[in-house]
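Working notes, beginning with the structure itself.
The values are calculated or read from the model by the stated rules, or taken from the named source; none is laboratory data. Because the structure is predicted, anything quoted here is derived from the model rather than measured. Positions of Cβ are backbone-derived with ideal geometry, glycine not excepted, and every protein chain shown enters the neighbour counts.
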Amino acid sequence: MGRLVCSQCREHFDKRDAVPAPCPCCATASKAVRASLVSLAGLIGGPVTNQAGEEVGRVIDVVARLYGTEPYPPVTGLVIRVGRRHAFLPADTLEKVHAGRVALRSARLDLREYERRPGEVLLARDVLDHQLVDVDGVQVTRAADLYLAPLADRVVLVGVDVSLPTLLRRLGPRRWQARPTPERVLDWQAVAPFAEHATDGPAQVQLRASRRGLHQLRPADLADLLEDLGRAERQQLLHLLEPAAAADALEEMEPAELENLLREAEPEHAARLVEEMEPDEAVDALRDLHADELERLLERMPAARAGHLRRLLAYPEDTAGGAMTTLLVTARREQNVAEVRAVLAAQAEHRTEIDAIVVVDDDGRLVTNIALFDLAVAEDTTKVADLTAWLAQFGPPVTVHPDTRLAEAAEQLVAARVSSLLVIDDQDRPLGRILADDVLDTLLPERGRLHFRRFLQ
């Protein structure tokens, strides 16, 4: 028997089903659901009728529980206008939500003035025409219309139309049709919306984020989304992400955009994000802030982390010390390659900041620099001392001091044809490392941050 494949998630369901059940994760892939779509834009302003077919009010908005454990947000009720009042109709009083109108199963109405409860989202007010993220397409777009549909025993939000023609028809002189032809409908599970009053807390937000696949996007993609979103929306996106993932995205942002983002965020949240960033990236971000803003963030960090960043900030921006990352993986000559690889594996989250291993003696002084390639091809039982002796034939590693000007460091980097330079103090103790892209980011600010990692991922 033939099989049909959901275009959104590739899940299969049987072709022999007369009316296929909605794909468990993509309701809009079901023909039955698509045939019953109700346009939110067409519903707003539509009549609400009682059992006798008499009009009792007009739809003002649709209330939904946007963030929660359900894959498709359930409609919890309607806000309708009855005379001069705005009353709330719970979902269990609705007999049928048609295209452009609503029929009630009860003639009894609670005419108390509607007041928004925590966690409730008004779809027309809070989501329609607002920004959202198309996670599959990795782009910021706007909700031109939303689509409701009966699913199981309730009405749920299943899709969003993001097409320009739909928006133009709504905003144009012609009256919006109750049953428009959907132009470009995204399954609701393929988007991440941002709505005021949308959550009961960060825990609920994270449930939504895990389903949306935001955590699977590359840092560079998330950075692009953050730069395209409005002020309120990008702060909400940051709260949808784990702090480490958000920090990775911030490292890929343009300096001016990152500066604005940190100023817009609550100080506690901004401090947490900067704390999670790589040291050199954190210093770059902090340098752009005013002195009082800088202190406000540092005061909210753990003392050790704040002290470390203060020491790095003390180096002038155009010097090796001002551009270096202090993240170093060190090894001693008595260790073997397997032991060093284990230490390196523990730093997997910092893979983009590590291109070599620093070998030091018992006093912490630099012995040599082992490139990751040389470490990768060596036998597990090989001693670091043997690798050190073999590397000696190629001369000492290229080093600079923290007060070396970046222009001079760049010349050494090019001349040595290496991907990074070690920064050492006057006693030859390693202080940090300057990566090639950090040198270029600093020397070519007018061209924007180059972010070679973004191109290579």
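Selection within segment 116-166: residues that are polar (S, T, N, Q) and touching a strand residue (DSSP E or B) at 6+ places or on another chain (Cβ under 8 Å). The member of this set that is nearest to Leu104 (Cα to Cα) is Thr166. Taking the conditions exactly as written (modelled with pLDDT of 95 or more and under 33 Å from the mean Cα position of the chain (by Cα)), does Leu431 satisfy them or not? Yes. Condition (residue is surrounded by fewer than 21 Cβ atoms within 10 Å (Cβ to Cβ), touching a strand residue (DSSP E or B) at 6+ places or on another chain (Cβ under 9 Å) and at pLDDT below 95) applied to segment 270-280: is it met by at least one residue? Scanning segment 270-280, I find at least one residue that is surrounded by fewer than 21 Cβ atoms within 10 Å (Cβ to Cβ), touching a strand residue (DSSP E or B) at 6+ places or on another chain (Cβ under 9 Å) and at pLDDT below 95, so the answer is yes. Restricting the search to strands (runs of 3 or more DSSP E) fully inside segment 61-120 and requiring at least 3 residues that are over 23 Å from Ala190 (Cβ atoms) and hydrophobic (A, V, I, L, M, F, W, C) gives 75-82, 85-90, 101-104. Per this entry, Leu297 is counted among residues that are crowded, with 22+ Cβ neighbours inside 10 Å and either more than 16 Å from the chain's Cα centre (by Cα) or not in a helix (DSSP H, G or I) (or both). For the subset of segment 401-424 comprising residues that are buried (at least 20 other Cβ atoms within 10 Å of the Cβ) and farther than 11 Å from Ala436 by Cβ, which member is modelled with the lowest pLDDT? Here the answer is Leu406. Exactly one residue out of Glu339, Glu349 is modelled with pLDDT of 95 or more, of a type outside the set (Lys, Arg) and either under 23 Å from Ile434 (Cβ atoms) or under 39 Å from the mean Cα position of the chain (by Cα) (or both), and it is Glu339. Scanning segment 336-376 for residues that are assigned to a strand (DSSP E or B) and hydroxyl-bearing (Ser, Thr, Tyr) yields one hit, Thr368. Scanning segment 308-330 for residues that are assigned to a helix (DSSP H, G or I) and in contact with a His (Cβ under 9 Å, 6 or more places away or on another chain) turns up Ala320, Gly321. Taking interchain pairs and intrachain pairs at least six residues apart, which have beta carbon atoms under 8 angstrom, with the first residue in segment 323-343 and without any contact (Cβ under 8 Å) to a residue 60 or more places away in the chain and the second outside any loop (DSSP other than H, G, I, E, B) and of a type in the set (Ser, Thr, Tyr)? As it stands, the answer is Arg333/Thr388, since those pairs meet every condition given. Arg333 meets all of the listed conditions (1) of a type outside the set (Gly, Ala, Ser); (2) surrounded by fewer than 19 Cβ atoms within 10 Å (Cβ to Cβ); (3) assigned to a helix (DSSP H, G or I) but one, namely (3).
Mind checking which residues of segment 267-293 are farther than 24 Å from Leu435 by Cβ and either in contact (Cβ under 8 Å) with a residue 12 or more places away in the chain or polar (S, T, N, Q) (or both)? Across segment 267-293, the qualifying residues are Pro267, Glu268, His269, Ala270, Ala271, Arg272, Glu293. Highlighted here are the helices (runs of 4 or more DSSP H) found entirely within segment 146-255 that include at least 3 residues which are modelled with pLDDT of 75 or more: 164-171, 219-228, 231-240, 243-251. Among the residues making up segment 42-60, those that are part of a strand (DSSP E or B) and either over 34 Å from the mean Cα position of the chain (by Cα) or outside the structural domain of Leu157 (by TED's automatic domain parsing) (or both) are Pro47, Val48, Thr49, Glu55, Val56, Gly57, Arg58, Val59.
Yes or no, residue by residue, for (1) under 18 Å from Ala64 (Cα atoms); (2) among the aliphatic types (A, V, I, L, M); (3) surrounded by 21 or more Cβ atoms within 10 Å (Cβ to Cβ); (4) without any contact (Cβ under 8 Å) to a residue 12 or more places away in the chain:
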| site | (1), (2), (3), (4) |
| --- | --- |
| Asp134 | no, no, no, no |
| Leu146 | yes, yes, yes, no |
| Pro150 | yes, no, no, no |
| Asp153 | yes, no, no, yes |
| Val158 | yes, yes, yes, no |
| Asp161 | yes, no, yes, no |
| Thr166 | no, no, yes, no |
